[in-house]
Amino acid sequence: MAGETVSTCVASAGVAQKVCSWLLGAFVCVELIYLPTANALKLIPLRKPVPRSELFDDQQFRADATRSDWLTPLDALGAACDRWGELTGQVQGWSLFAPYYGRMASLPVVVLVWRDPPRELRLPSHFTPADPERPTGRPPEPRCRLYLYEYRMAVAGWSWDPRPLDEQAVTLAENGAAQAKRLHRSIQSYLRWTAHRFRAAHRNERPPDVVELRATLFPAPDPQTGIRPPGRDLSIAAWELATEPPPGHLPLRIFDPSTGRQIWLPAEDG
């Protein structure tokens, strides 16, 4: 009986190993087709729904009304590649930057605000260098997921615009408002998480009145002089802990570039 049990277990293990081998081989074969196809389709204008979720990584040329109907079957192929990329975690959210390059970087900073007496406390990102003029290297650390979350909180401050920072003020403010509208769920979660961590470490501290998300801007040095222009903060959104938003609005305030004032962020169906 013992010999039969061992034989059965060995046979079952052999079958499971074969199944796993077949599945792995099938996955590799699909990848050999998917990778070149998906990358080539990015260069072809396709008709796709306008992305409305918080993910904005699709580097796709989009079709206009003049595109030939002969390319319509490629729309379905592109959609299939997108779904496979999402399922397997292979969505490519970047493309080569030539001939343009980024002229300004940004990282999030959370500012805690007390009104009485007036006081502010800055909580910079873990990845903010102590000295932006002389950033040092970082040893390997298991914080990749944190960085991938945080950079999205400040992506409105990225700029390829060669104009001086002061001349980009309106454009950057519009980017900040648009980011708050699109990423309001992630922003609220990030502000709550940061406020919770602060309160856990400072139990005797009174809760702040406002928790504000800003993007700290780091302009690139001037290519001629090598001098880095001074940076500044870009307001993204503010959460007032003890204030209920008006009906049809989210518990976030954003900066309205048209009026220069903070307004409540309308709800998606508001």
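The values are calculated or read from the model by the stated rules, or taken from the named source; none is laboratory data. Since this is a predicted model, take the numbers as computed values, not measurements. Glycine also receives a Cβ, built like all others from the backbone with ideal geometry; neighbour counts cover every protein chain displayed.
Would you pick out the residues in the range 186-210 that are buried (at least 18 other Cβ atoms within 10 Å of the Cβ) and without any contact (Cβ under 8 Å) to a residue 60 or more places away in the chain? If the condition is that a residue be buried (at least 18 other Cβ atoms within 10 Å of the Cβ) and without any contact (Cβ under 8 Å) to a residue 60 or more places away in the chain, then no residue fits. When each of ARG197, ARG152, ARG214, ARG206 is tested for being closer than 24 Å to PRO129 by Cβ and touching a strand residue (DSSP E or B) at 6+ places or on another chain (Cβ under 8 Å), the lone residue that passes is ARG214. When each of LEU213, LEU234, LEU265, LEU217 is tested for being over 20 Å from GLU150 (Cβ atoms), crowded, with 19+ Cβ neighbours inside 10 Å and modelled with pLDDT of 90 or more, the lone residue that passes is LEU265.
Which one is surrounded by the fewest Cβ atoms within 10 Å (Cβ to Cβ) among residues in the range 141-151 that are closer than 21 Å to ALA220 by Cβ and not acidic (Asp, Glu)? Only one residue tops the list, namely TYR147. Would you please name the residue that is surrounded by the most Cβ atoms within 10 Å (Cβ to Cβ), looking only at residues in the range 111-126 that are of a type in the set (A, V, I, L, M) and in contact with an Asp or Glu (Cβ under 8 Å, 6 or more places away or on another chain)? Among those residues, the one meeting the criterion is LEU112. Figure legend. Inter-residue proximity from the range 121-132: first residues more than 15 Å from SER235 (Cα to Cα), second residues in a loop (DSSP other than H, G, I, E, B), beta-carbon distance below 6 Å, spacing 6+ or different chains. Indicated pairs: PRO129/PRO135.
Let me confirm something: among LEU123, LEU191, LEU172, which residue is in a strand (DSSP E or B) and under 30 Å from ALA242 (Cβ atoms)?
Exactly one residue qualifies, and that residue is LEU123.
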